[in-house]
Amino acid sequence: MARVGFLGLGDMGTPMARRLLRVGHDLVVWNRSSERTVTLAQEGAAVAPSPAQAAVGADFIITMVATPEALEQVLFGTAGLAASLLPGQVVIDMSTVGPDEIRSVSARLLKSAVLVDAPVRGIVPQATSGRLDIFVGATDEHYERVRPILESLGSVRLVGGPGSGAAMKLVANLALGAAIVALGEALSLGESLGLERNMLLDALADSPIGPMVAAKRTNVESGQFAATFKLRHAAKDLRLGVEAAAARGRDLKQARANRAWLDEAAEHGAADLDFSAVVATIAETSPSTIGSR
């Protein structure tokens, strides 16, 4: 077993860290809001006062934060991780920050440590049960080093060299955003034509967006959007995808439109609800009343 530093105990980070602890790794945790560390400390994890301290003596350091800006702060801010990294240590970033940020960070850490990108696809129940899909960008050598750690968290897939895992995650979430917006617009059109919602959902369950209907039908019918993947994170991921494409001369018109819907939903108060709450915005009603239509 290894000594692992884990930085970022949000909705996904906490169950991921807990799994590492329960399979027997020596775990040190840090979070910007220290109250998030209390439960894991009670379960046996050590708590570091700073990102830099979390790296001391660690074989692997995992970062799981919300945005590129947060990753920059954790790595290079006051008492940041980079200050204490030593040659041979491996940083595994499991956030969704995009390939450009990963390559920028990697270049700055090159002399002190190895950076592997390994963002995850999945929601809180999958993080809890160790069934995440993990996209890894790394050399073959570094992949073999991190694979035993990551296999505790889910299904691990090497998708290419450094930065490729971050790139694949943007592609996956681009499709996720398209599917949820398609569901919302299909319901909006159908209801404007006088069709009943339950009949629409039955028909859409057998359509190309059937998996999204199956996953989010309960939310849509009840009007309750308890977050398993927060809408603000989905909006951020679409922004990163659109920006990455634009930097390479690609104009993703559909992705820009999907992002606009998510941004509008966030502005209407749904930022911390499940991303499926965008359906309520598209249907021009509030998340608290959509289920009563």
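Observations on the structure shown:
- Neighbours by Cβ (under 9 Å, 6+ apart or cross-chain): first from segment 238-253, in the same structural domain as E264 (by TED's automatic domain parsing) and free of Cβ contacts under 8 Å to residues at least 40 places away in the same chain; second part of a helix (DSSP H, G or I) and of a type in the set (D, E): R239/D263
- Selection within segment 161-171 - within 15 Å of D237 (Cα to Cα) and either of a type outside the set (A, V, I, L, M) or buried (at least 16 other Cβ atoms within 10 Å of the Cβ) (or both): G165, A166, A167, M168, K169, L170
- Test: residue in segment 59-68 that is out of contact with any strand residue (DSSP E or B) (no Cβ under 7 Å at 6 or more places or on another chain) and without any contact (Cβ under 8 Å) to a residue 40 or more places away in the chain: no
- Sole residue being assigned to a helix (DSSP H, G or I), at pLDDT 95 or above and closer than 24 Å to I134 by Cα, chosen from V74, V91: V74
- Residue in segment 253-271 that is crowded, with 21+ Cβ neighbours inside 10 Å, among the aromatic types (F, W, Y) and part of a helix (DSSP H, G or I) present: no
- Scope segment 203-226; condition in contact with a helix residue (DSSP H, G or I) (Cβ under 6 Å, 6 or more places away or on another chain) and either in contact (Cβ under 8 Å) with a residue 60 or more places away in the chain or part of a helix (DSSP H, G or I) (or both); matching residues: L204, M212, V213, K216, R217, N219, V220, E221, S222, G223, F225
- Unmet criterion (only one of (1) over 19 Å from N258 (Cα atoms); (2) at pLDDT 95 or above; (3) of a type in the set (S, T, N, Q)) for S188: (1)
- When V97, V116, V146, V105 are screened for being touching a residue at least 12 places away in the same chain (Cβ under 8 Å), part of a helix (DSSP H, G or I), under 18 Å from A167 (Cα atoms) and not acidic (D, E), only V105 passes.
- Of all residues in segment 136-160, those that are under 21 Å from P125 (Cβ atoms), crowded, with 20+ Cβ neighbours inside 10 Å and among the small types (G, A, S) total 1.
- Listed by position, the strands (runs of 3 or more DSSP E) contained in segment 1-68 that have at least 3 residues being within 27 Å of P87 (Cβ to Cβ) and aliphatic (A, V, I, L, M) are 26-30.
- Residue among L170, L189 that alone is part of a helix (DSSP H, G or I), free of Cβ contacts under 8 Å to residues at least 40 places away in the same chain and out of contact with any Phe, Trp or Tyr (no Cβ under 7 Å at 6 or more places or on another chain): L189
- The residue that is surrounded by the fewest Cβ atoms within 10 Å (Cβ to Cβ), counting only those in segment 44-77 that are within 20 Å of E101 (Cβ to Cβ) and acidic (D, E), is E69.
The values are calculated or read from the model by the stated rules, or taken from the named source; none is laboratory data. It should be emphasised that the depicted structure is a prediction, and the values quoted were computed from it without experimental measurement. Note that each Cβ is placed from the backbone with ideal geometry, even for glycine, and that neighbours are counted across all protein chains shown.
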